[in-house]
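A.B. asks: Provided herewith is a single structure, encoded as structure tokens, for subsequent inquiry.
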Amino acid sequence: LWQDIVAASTPKLPDGTVDVWLKTCVPLSMEDEVILLDVANDFIKVQIQNRFQKILEDTMKDLGYGKGLKLNVGTGDNRKEQERAERTIKPESQGKVSGLNPNYLFSSFVVGKSNRLAHAASLAVAESPGAAYNPLFIWGGVGLGKTHLMHAIGHHALQNDRNLKVGYVSSEKFTNELITSIKNNRTAEFRARYRTMDLLLIDDIQFLAGKESTQEEFFHTFNSLHDGKKQIVLSSDRPPKDIKSIEDRLVSRFEWGLVTDIQSPDYETRIAILTKKAEFRNYPMPEDVINYLAQNVPSNIRELEGALNRVIACAELNSEPVTVENTSEWLKDIVRHTSKGPVSIDLIQQIVAEECSFTVEDLTSSKRTSEIALARQIAMFICRKHTESSLQQIGSAFNKKDHTTVLHAQKKIEQLLLDNARVKGIVDNVESKL
Ligand code: ADP
Ligand code: MG
């Protein structure tokens, strides 16, 4: 458990944190969702409290492992001392220079309909940095695998060429480093570092919005790398054009290479992800529990993973079997919480089908009876309103070749909503269930 938390926090922590500070900590117990951590001395305790505890706790919550950490200085338990000594010596093997999370690999990434293109593009870029698509711009909602793919690109490229200079940063970290470098009169170093990368991965670029001087600096970094045929990979929670308060010249550069998106995973992909994660944890998970999770945590992979982790943790801590009944009890709050999260086209189709007494197959078929056509248009309208999917994506989810069908549906339902109470009723009901 603790190792997972540390691994998942590593990219968010300053370089070296794990080696210097965290390797010496020993988890003792977990009570009321709080992990008790044994630390060697008061100095380390204060450092961790002030600098890393919040990040670690956030990761814990993200993973569904509980809510907090409590630090305790030296229990004098010899076995723990021994363990601690071993951990301190063990070298950090991977990901130190480039800030890559060792768990985020292509081999641990499950490919499905929702992420196939983003995955293929990432692999192409990792195989031949600077040559395939430059920049590669990956966008999609939170927890759908953007960061995972970016790290995977880094690992893969490094595997092919160990001398490659690979750098992964969040745009926030990029901004902070820039600010610090300006304060300390070290901008030359900052530039030298970023402008000599072979592969630069900048995550969550939407946070550059409104930060003009960072954008200016990034603009030059971008040009210098791109001119030198060095690979740039960017991620964002929305497509380039929709990032507000970002200079046009940057937006247009973001679109130079390939813009690809990741959608919420469909049911089959959710099952595949859960199965893979359970295998990875070496934890036998009954099929009906996997199905239950895939059904009830519908949108975001981070939450899906958090739910799985929670189930494993609860089963271990309570020494109870993993059954659907126990799972639903353990996940009471998560399930309620995620139902408010981002909405998938799949979910909308399911709910509309239910509401109109059709099947999802009816909605996605080419049947044209007026009732089915209306239900289909309502579903398309709701997809437009409640998802960030493009017309093409919605169209293809309904097996329509021509995305103007979606546009037409949207206009028609907007019209009907003005004076057709039945349509309004259906839309309201569906929306309340999303
Ligand atoms: P984002 O950066 O889009 O918010 P992350 O890359 O942080 O999302 O992914 C959230 C979690 O879900 C991570 O633990 C990641 O490993 C996992 N994840 C996302 N997509 C997949 C996938 N296709 N296969 C396996 N794990 C995935
Ligand atoms: Mg991310």
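A.B. asks: With axes computed from alpha carbons, what is the tilt in degrees of helix 404-419 against the longest principal axis of the chain, rounded to the nearest 10 within 0 to 90?
C.D. replies: On a 0 to 90 degree scale, this one is about 70.
A.B. asks: Rounded to the nearest Å, what's the spacing between the alpha carbon centres of region 33-72 and region 147-212? Just the number, please.
C.D. replies: If you average the Cα positions of each part, the centres end up 27 Å apart.
A.B. asks: If r is the Cβ-Cβ distance from residue 354 to residue 424 and R0 is 22 Å, what FRET efficiency results, to the nearest 0.05? Write out the running numbers ahead of the final one.
C.D. replies: Values: r = 18 Å, r/R0 = 0.81.
In this case the efficiency is close to 0.80.
A.B. asks: Modelled label-to-label distance, residue 431 and residue 172, 7 Å Cα→beta-carbon offset: nm?
C.D. replies: With each label point 7 Å from Cα toward Cβ, the separation is 3.2 nm.
A.B. asks: Taking 7 Å along the Cα-to-C-beta vector as the label spot, tell me the residue 107-residue 54 distance in nanometres, rounded to one decimal.
C.D. replies: A separation of 3.7 nm, rounded to one decimal place.
A.B. asks: Sort 150, 30, 380 so the one with the fewest other Cβ atoms within 10 Å of its own Cβ comes first. Please list the in-between numbers first.
C.D. replies: Working: 150 27, 30 17, 380 30.
Least crowded to most crowded, the residues run 30, 150, 380.
A.B. asks: Okay, next question. Just check region 127-213 against the gyration tensor rule for me: Cα atoms, a ≥ b ≥ c as the square roots of the eigenvalues, rounded for a/c under 1.5, and otherwise prolate or oblate depending on whether a/b exceeds b/c.
C.D. replies: oblate
A.B. asks: Sticking with this one: Taking every DSSP beta bridge with both residues inside the chain, roughly what % is antiparallel (nearest 5)?
C.D. replies: On the way: 5 of 29 bridges.
Taking every DSSP beta bridge within the chain, about 15 percent pair in antiparallel fashion.
A.B. asks: Along the Cα→Cβ direction, 7 angstrom out, place labels at residue 245 and residue 159. What is the inter-label distance in nm?
C.D. replies: My value for the distance between the label points is 4.0 nm.
A.B. asks: About its Cα centre, what dipole magnitude does the chain give when the only charges are +1 on Lys and Arg Cβ and -1 on Asp and Glu Cβ, stated in debye to the nearest 20? Don't jump to the answer; show the numbers that get you there.
C.D. replies: Working: 54 positive and 58 negative charges, 219 e Å.
Here the chain has a charge dipole of around 1060 debye.
A.B. asks: Additional query: Just want the ordering: 199, 374, 293, 407, from fewest to most Cβ atoms lying within 10 Å of their own Cβ.
C.D. replies: On the way: 199 24, 374 19, 293 29, 407 15.
Exposure proxy ranking, most exposed first: 407, 374, 199, 293.
A.B. asks: Between residue 295 and residue 366, 0.36 nm times their residue separation minus their Cα-Cα distance comes to what?
C.D. replies: Values: separation 71, 0.36 × 71 = 25.56 nm, distance 2.65 nm.
Result: 22.9 nm gained on full extension.
A.B. asks: Which of 25, 356 comes first, and how do the rest follow, when ranked by fewest Cβ neighbours within 10 Å? Walk me through the numbers before you get to the answer.
C.D. replies: Details: 25 23, 356 20.
The most exposed by this proxy come first: 356, 25.
A.B. asks: Go through 345, 231, 267 and say which Cα lies farthest out towards the positive end of the charge dipole of the chain; charges sit on Cβ, +1 for Lys and Arg, -1 for Asp and Glu.
C.D. replies: 231
A.B. asks: Subtracting the Cα-Cα distance from 0.36 nm times the residue separation, let me have the gained length for residue 116 to residue 319 in nm, one decimal. It would help to have the intermediate numbers written out before the result.
C.D. replies: Values: separation 203, 0.36 × 203 = 73.08 nm, distance 3.85 nm.
Length gained between residue 116 and residue 319: 69.2 nm.
A.B. asks: Calculated from DSSP H runs of 4 or more alone, at -39500 (n - 2.57) each and per residue, what is the 222 nm mean residue ellipticity of the chain, nearest 500?
C.D. replies: Only helices count here, giving -16500 deg cm²/dmol.
A.B. asks: Taking a ≥ b ≥ c as the square roots of the Cα gyration tensor eigenvalues, with a/c under 1.5 meaning rounded and otherwise prolate when a/b beats b/c, else oblate, which class fits the chain?
C.D. replies: Numbers: a/c = 2.20, a/b = 1.28, b/c = 1.72.
Since a/c reaches 1.5 but b/c is at least a/b, the shape of the chain is classed as oblate.
A.B. asks: With just the Cα atoms defining each centre, how far is region 218-295 from region 314-332? Give it in Å.
C.D. replies: If we compute the Cα centre of each part, the gap is 31 Å.
None of the figures in this text is laboratory data; all of them are computed from the coordinates on show. Please read these numbers as outputs of a predicted model, since none were measured by experiment. Note that we place each Cβ from the backbone using ideal geometry, even for glycine, and neighbour counts take in every protein chain shown.
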